[in-house]
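A quick write-up on the structure given underneath.
Just so it is clear, none of the values below were taken in a lab; they were calculated from the coordinates. For clarity, every value in this text was computed on a predicted model and none was experimentally measured. Positions of Cβ are backbone-derived with ideal geometry, glycine not excepted, and every protein chain shown enters the neighbour counts.
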6 protein chains.
Amino acid sequence: MITFAEIMQMEPKLVSTSRSVMTEMIMPNDTNPLHHLMGGNLMRWMDIIGGICAGKHCESHVVTASVDHVSFHEGIEVGEVITLTAQVTRAFNTSVETFVEVHVADIKGHNSRKSNHAYFTFVAVDEKNHRPQKVPGVIPENPEEEKLFESAQRRREVRLVLAGRIKPEEASELIDYFSAFDE
Amino acid sequence: MITFAEIMQMEPKLVSTSRSVMTEMIMPNDTNPLHHLMGGNLMRWMDIIGGICAGKHCESHVVTASVDHVSFHEGIEVGEVITLTAQVTRAFNTSVETFVEVHVADIKGHNSRKSNHAYFTFVAVDEKNHRPQKVPGVIPENPEEEKLFESAQRRREVRLVLAGRIKPEEASELIDYFSAFDE
Amino acid sequence: MITFAEIMQMEPKLVSTSRSVMTEMIMPNDTNPLHHLMGGNLMRWMDIIGGICAGKHCESHVVTASVDHVSFHEGIEVGEVITLTAQVTRAFNTSVETFVEVHVADIKGHNSRKSNHAYFTFVAVDEKNHRPQKVPGVIPENPEEEKLFESAQRRREVRLVLAGRIKPEEASELIDYFSAFDE
Amino acid sequence: MITFAEIMQMEPKLVSTSRSVMTEMIMPNDTNPLHHLMGGNLMRWMDIIGGICAGKHCESHVVTASVDHVSFHEGIEVGEVITLTAQVTRAFNTSVETFVEVHVADIKGHNSRKSNHAYFTFVAVDEKNHRPQKVPGVIPENPEEEKLFESAQRRREVRLVLAGRIKPEEASELIDYFSAFDE
Amino acid sequence: MITFAEIMQMEPKLVSTSRSVMTEMIMPNDTNPLHHLMGGNLMRWMDIIGGICAGKHCESHVVTASVDHVSFHEGIEVGEVITLTAQVTRAFNTSVETFVEVHVADIKGHNSRKSNHAYFTFVAVDEKNHRPQKVPGVIPENPEEEKLFESAQRRREVRLVLAGRIKPEEASELIDYFSAFDE
Amino acid sequence: MITFAEIMQMEPKLVSTSRSVMTEMIMPNDTNPLHHLMGGNLMRWMDIIGGICAGKHCESHVVTASVDHVSFHEGIEVGEVITLTAQVTRAFNTSVETFVEVHVADIKGHNSRKSNHAYFTFVAVDEKNHRPQKVPGVIPENPEEEKLFESAQRRREVRLVLAGRIKPEEASELIDYFSAFDE
């Protein structure tokens, strides 16, 4: 039986409800011998803020299910300040995809630039048995949020293929997408 | 002018030359409130051992260029021991792809299982100007290494599409792969 | 001689320009044996976000000059999420006062509450000689910011008395304030 | 009913019984981009040694209740060694005030100087329910300890005003102090 | 009563079964003000990998019982990579001796050299009461492992003398060894 | 040529001049899965406080040269407080031996007990070239300090044998000591 509290929790929610911001100063131990932030440390912070955002949306504990492709473009130096913003894009039964963006600037606020972004997917789990549980839907409110909502379906299909959980021939969106280039 | 030392360094090398192993015990601060290793911390370690392996192969400093899709299957608990193994799969001009595998067992060596794996790509850079520099080729020696060597080309094409550096219609391997399912 | 760039930097700025947000999940090592966040760790994070905010406002390196009285009311537990918001309140020649507020909620976003706040004062210093340098003024835009701007003068007087840099009999605002109760 | 053990514990104690000393070497991650110890890190250590001292005096768990004004004068550099000394000054029903002093010198023991000090107040709590519990009195033994004992009353009044727990017009010591300057 | 599982666990095992490898990159916070790895940090890593190896051999929790003499020869610098290899040498009732070797090279894999080694002894304890429990024997397979197996007896005698658990006159191996030089 | 400052520095010094005290609270990340302090972490702290003490005595940078046998007796639990005291015992040309003692008690100051001790030897090095340099002598002032001073000679002989820098037959003190038991 599902309780009233659970029904309330299942009401779809706005993206803005769970948007989360994290700011970190790059310390010496976060960097490689060239004094640049190591990619792994950035992914660690992206995972934390993505998880906080997902937990707030799902009102539950969450565990990281997957991370899509992440690229690292230009170096981030010791003493620079990074700002990570996480927002949910779309919910899928027991999981929710988050979009995490990273911006960087020096300590004076100068040389501000986008560093990179990634999609982290989290599964909501109940506290006692760590079993997956249903998550509330996501309501996009503006064109940017809608674009992320729409494209989430295709990214999910890629993940299912990569995880071997659907066969390539079942990935209808991907087949449509790539076969359009085949003549 | 290229020196003799540089030529020597450019000689293709065996995969085994740079294979690297890392063992870590999961400490309380590595885990989420459910006492499971956080995905971001695992990616941080994968990045370090991948970078050490790539640096050894390239005999140079390296920076993380990208990480392909990573999935997290079952939880890793506090006090468990993870073993990460990194090996190069293939070199591409100034970058090298590494394959990082994670195995886990409890402190008694029991409940041993594969946790997950990922492909990390590193760019070799010179110490002074941090400019990309050529890397030695990779010589696979057994069927497993050859399989990783072969498939590296397709993974690279995916990365170039995702990074927007080639257009989808130029991704010939992907088009062949997916259009085969389209009738 | 003062350069054009320096003049531009000295233009007074809005409070919102440098407002900064930090989110942290309380990890086991941040807590005392009762599993509550230790006060000193909270102050450490307040100092970092206050410093990032002050650096952005001053467009310069900054060092912590002082912290006013901080109270700790209810415990924050391991696994909870804290959100720290820092904003400048007023500038004084070479220093700027920041107001840092801390809110806390559990990982599900429940039990949200204000934890505490404090005033951190930072001195802007030049990168080379670490000498104090002029900072831009602060423009409050709404009643709340104006109230913080006004009261900053009194807090500063308290600090100067406490630091022994003015005599109690020179603290005119404080004398007026307390002597009103004396009859 | 109060046990014999509790009565023994309530016997007032000498300041020297719980005096505690902590030595730390400043590591790179403790410093800001100018390589100076960040104020927040110093406060973190002051809180830990103050809490250890208070716990020893109260023979109980303690939680930080408040920190009075802290000033930071001159920079402390990476590689320098700080020595923190904590002692109780006076007890107030369920809380105890500690005085924490910080001295600094370089690794050779040269350039020794006082860095700063602060008053940290801790509340003794019982292990099970985290409820405040009575603490033993403090016996000062020399003029310096007596001076800290006497002035503790005034500092407490300031804290109660700042925390909004007494009204300014009830702060009799402060009113006497400041109104003396009003003519 | 001893269970079948326990009997199986008590079967002597090959050294190679539990050999463990750890790789770490030296980060700024691991070094002293001269930017050399601090001896204590190296010992910390040696203890962890030794303990992981001992736990695997004993299939149980283990605690460090003692460390024999450790020497530090040449400095290891920030950014260098250390590889620690641990293997069991011999078992003694409820304890097992491990031999931990450290090699170092720079990030390019150059300047490879042996740093040092040490013998760490661990006691196997049961999970519930932390009482010592029997450990499986060690089967050396090659001359190097046999040499370590043989010499373990003498090292143990030294430890028992140093720990005051046997009298010097009972250390028959040591007496034979040193008195041979006395004429 | 030796300067006046150097001569002054070379004056033998009292043990008490450089005695150093460190207090640490055991945090979750310092412990193994049984929640006991890991031996390696204790050695890390012993090395730091030993080095601070040696640096103060030598008025120079120092590097760890060796650690004698360390035993670990009873477990130290998370939340307990350890106090480490380091003092120099004797100087040998360019090195100084320190004696580091560890005491432990719970957060209430109860269950106070000696944990263990060890001898750490440090070499004084000059800041520029990291070459060994002369250190001042040690003046013991009481029977305990004298005993440590006397026995330092024998411990040094053991270290030289273990490091292979003298032959066993040159270890005259050891030969006398053990051959006395041989009849």
**Cα-centre dipole for the range B:4-141 with unit charges at Cβ (Lys and Arg positive, Asp and Glu negative), debye to 20** = 200
**Prompt:** Hey, for D:HIS117 with labels 7 Å out along Cα-Cβ, what do the inter-copy distances come to in nm, ordered shortest first?
**Reply:** 3.1, 3.4, 5.5, 5.5, 6.4
**Fill in**
By Cβ neighbour count within 10 Å, fewest first, E:LYS147, F:LYS108 rank E:LYS147, F:LYS108
**Prompt:** What residue of chain D has the nearest C-beta to the axis that moves D onto B, and what is that distance in Å, given as a whole number?
**Reply:** D:ASN29, 7
**Shape of chain B, Cα gyration tensor, a/c cut at 1.5** = oblate
**Request:** Give the relative contact order (percent, whole number) for the range F:118-183; include only Cα pairs under 8 Å separated by 6+ residues.
**Result:** 16
**Request:** Report, in degrees rounded to the nearest 10, the 0 to 90 angle that the Cα long axis of helix D:143-162 makes with the longest principal axis of chain D.
**Result:** 80
**Asked** How many nanometers, to one decimal and shortest first, lie between the label point of E:LYS147 and those of its other copies, if labels sit 7 Å from Cα toward Cβ?
**Response** 4.0, 4.1, 6.7, 6.7, 7.8
**Request:** Let me know the mean shielding of F:117-130 by other chains, meaning the per-residue number of their Cβ atoms within 10 Å of its Cβ.
**Result:** 2
**Request:** Please find, in a Gaussian network model of chain A (springs between Cα atoms separated by less than 10 Å), the residue of A:ALA54, A:ALA163, A:ALA105 whose mean-square fluctuation is greatest.
**Result:** A:ALA163
**Message:** Please compute the length gained on full extension between A:GLU141 and A:GLU77, using 0.36 nm multiplied by the number of residues separating them and subtracting their Cα-Cα distance.
**Reply:** 19.5 nm
**Prompt:** Spin-label point model (7 Å from Cα, Cβ direction): what's the F:ALA163 to F:HIS117 distance in nm?
**Reply:** 2.2
**Request:** Compare B:SER112, B:SER66, B:SER172 in a GNM of chain B, Cα atoms joined below 10 Å, and give the one with the largest fluctuation.
**Result:** B:SER172
**Complete:** Distance in nm between C:ASP126 and F:SER172 label points, each 7 Å along Cα→Cβ, equals 6.5
**Request:** Let me have the relative contact order for chain E, percent, based on Cα pairs under 8 Å that are six or more residues apart.
**Result:** 23
**Fill in**
Shielding of A:30-37 by other chains, given as the mean Cβ count within 10 Å, works out to 6
**Item:** Subset of D:LYS56/E:LYS134; E:LYS167/F:LYS56; B:LYS56/B:LYS128; F:LYS13/F:LYS114; C:LYS56/D:LYS167 violating a 30 Å alpha-carbon distance limit
**Value:** D:LYS56/E:LYS134; E:LYS167/F:LYS56; C:LYS56/D:LYS167
**Complete:** Once amide hydrogens are built 1.01 Å from N within the peptide plane, the residues lying 5 or more places from D:ALA163 or on another chain with amide H under 5 Å from its amide H are none
**Fill in**
Magnitude of the Cβ-charge dipole (Lys and Arg +1, Asp and Glu -1) of the protein assembly as shown about the Cα centre, nearest 20 debye, reported as 0
**Asked** What percent do you get for the relative contact order of the range B:68-127 when only Cα pairs under 8 Å and 6+ apart count?
**Response** 35
**Coil-residue GluC sites (Glu not before Pro) of the range C:98-166, DSSP, other Cβ within 10 Å capped at 13** = C:GLU127, C:GLU141
**Item:** Dipole moment magnitude, nearest 20 debye, the range C:90-183 about Cα centre, only Lys, Arg, Asp, Glu C-beta charged
**Value:** 520
**Gaussian network model of chain E, Cα within-10 Å springs - most flexible of E:ARG90, E:ARG155, E:ARG165** = E:ARG165
**Residues of the range A:140-157 with amide N under 20 Å of the 7 Å Cα→Cβ point at A:SER179** = A:153-157
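Rule-of-thumb check for the protein assembly as shown: C-alpha Rg over 2.2 N^0.38 Å?
The protein assembly as shown yields a ratio of 0.99.
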**Item:** Over chain B: helical MRE at 222 nm, DSSP H runs n ≥ 4 each giving -39500 (n - 2.57), nearest 500
**Value:** -9500 deg cm²/dmol
**Complete:** Phi-derived 3J(HN,Hα) across the range E:82-89 with the Karplus relation (6.51, -1.76, 1.60, θ = phi - 60°), rounded Hz, x for Gly and Pro, is 10, 10, 10, 10, 10, 9, 6, 10
**Request:** Provide the three semi-axes, in whole Å and in decreasing order, of the ellipsoid equivalent to the range E:87-183 as defined by the square roots of 5 times the Cα gyration tensor eigenvalues.
**Result:** 28, 23, 14
**Request:** Taking each label point as 7 Å beyond Cα in the direction of the beta carbon, state the distances from F:SER179 to the same residue in the other copies, shortest first, in nm.
**Result:** 1.1, 9.0, 9.1, 9.1, 9.3
